[in-house]
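Undergrad: The structure's right below; bear with me while I get my questions together.
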Amino acid sequence: LDLGIASNINANVLMYMVESDMIGGLRTTHKHMEVKLDMIWREIQGAYKEEGTKNQVGNLTLQMIVPEGKMSGYPCLSSHIKGDQTRSLTHALVKVIERHGRVDPAHARYSEHDHEVFVVLKNLAMLYEIIMKNMIEVNGRYSAQDLHDMTNAIQNGAIMYKRLAHKSMAGEGPPWMAKAGPRWKITSKHHHVLHMCEEARLQCLHMAWCY
C-alpha cells in the first residue's frame with residue numbers, strides 16, 4: 001500500500017495539480033511546471049509545520065514524480081520516499097487540494113475532474129487514519145465498524161481511481177489532458193488492497209498491508 005498504490009495516488013495528484021489550472025494556471029512549459037510544483041511544495045511544508053509532522057518528505061521535484069523526467073510515463077514516487085513519509089504526504093496533500101480544489105458542486109467554479117481526484121485522495125487519507133489510529137491505540141485490533149469504514153474508503157476510492165484511469169486512457173476530461181501522458185496506472189496491487197479488510201479478520205492487518 002505505502003510504496004505501491006498510495007505512492008502512485010500521491011504522484012498522480014501532484015501531477016494533476018501541476019498540469020491542470022487548479023494552481024497557477026494551466027502548464028505552459030517544463031519550467032512553469034517546476035514553478036508550480038515549488039508552490040505546492042511550500043504549501044506541503046506549511047501543512048507539515050501546522051500538524052507537527054515528523055516523517056516528512058525532504059523535497060519534491062518533477063524528476064521524483066516522473067521517472068527520468070519523461071512526461072509520457074506514469075507518475076510514481078516509490079523510489080524516492082519511505083512508507084511513513086507516504087502517509088504524512090497524503091494528509092498534507094489533502095490540505096492543499098482542499099484549499100485550491102474546486103470540489104464543491106454548489107460552487108460556481110466547480111470542476112468535476114478536481115472533485116474526482118479529491119475523492120481518491122480523501123478516501124486514501126481516511127483509510128490511513130483508521131489504520132494508524134488502531135496501530136497506536138488498540139494494537140491492530142479492528143472493530144466491525146472500523147472494517148466497515150475501511151471497506152467503504154477502499155471501495156469508494158477504487159471506483160473513482162478506475163474512472164480516472166479509464167478517462168486518461170480514452171483522453172476524456174479537460175482539453176489539456178490530451179497533451180498529458182498516461183495517468184492512474186492500474187496494477188495487481190489494486191486488487192490485493194480490495195481484500196485487505198477480509199484479511200484483517202484473520203490476521204494483523206499491519207502484516208499484510210504492504211508486500
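Undergrad: Scan Val119, Val103, Val94 and give me the residue that is without any contact (Cβ under 8 Å) to a residue 60 or more places away in the chain, assigned to a loop (DSSP other than H, G, I, E, B) and touching a helix residue (DSSP H, G or I) at 6+ places or on another chain (Cβ under 7 Å).
TA: That would be Val103, the only listed residue that is without any contact (Cβ under 8 Å) to a residue 60 or more places away in the chain, assigned to a loop (DSSP other than H, G, I, E, B) and touching a helix residue (DSSP H, G or I) at 6+ places or on another chain (Cβ under 7 Å).
Undergrad: Any idea how many residues of the stretch 122-145 are more than 24 Å from Lys95 (Cβ to Cβ) and part of a helix (DSSP H, G or I)?
TA: Residues in the stretch 122-145 being more than 24 Å from Lys95 (Cβ to Cβ) and part of a helix (DSSP H, G or I): 2 in total.
Undergrad: Do you know which residues across the stretch 148-180 are hydrophobic (A, V, I, L, M, F, W, C) and in contact with a Leu (Cβ under 9 Å, 6 or more places away or on another chain)?
TA: Scanning the stretch 148-180 gives Met150, Ala153, Ile154, Ala158, Trp176.
Undergrad: Got a number for residues in the stretch 3-57 being among the polar types (S, T, N, Q), in a helix (DSSP H, G or I) and open to solvent by 50 Å² or more (accessible area, probe 1.4 Å)?
TA: Residues meeting the conditions: 1.
Undergrad: Look through the stretch 75-104, keep the residues that are modelled with pLDDT under 80 and of a type in the set (Ser, Thr, Tyr), and return whichever of them is surrounded by the most Cβ atoms within 10 Å (Cβ to Cβ).
TA: In this case the residue turns out to be Ser78.
Undergrad: Could I ask something else about it? Of all residues in the stretch 105-152, how many are on the phi > 0 side of the Ramachandran plot and surrounded by fewer than 12 Cβ atoms within 10 Å (Cβ to Cβ)?
TA: 1
Undergrad: Identify, by number, the condition in (1) open to solvent by less than 20 Å² (accessible area, probe 1.4 Å); (2) under 16 Å from Ala11 (Cα atoms); (3) in a helix (DSSP H, G or I) that Gln63 doesn't meet.
TA: (1)
Undergrad: Does Trp209 meet the test of being in a loop (DSSP other than H, G, I, E, B) and at pLDDT below 70?
TA: yes
The values are calculated or read from the model by the stated rules, or taken from the named source; none is laboratory data. Predicted model only: the values in this text are computed from it and were never measured. Don't worry about glycine lacking a Cβ; one is built from the backbone with ideal geometry, like all the others, and counts go over all protein chains shown. The protein model used for the area step is the full one, side chains on, heavy atoms only, and it has no ligands, DNA or RNA in it. Shrake-Rupley method; radii C 1.70, N 1.55, O 1.52, S 1.80 Å.
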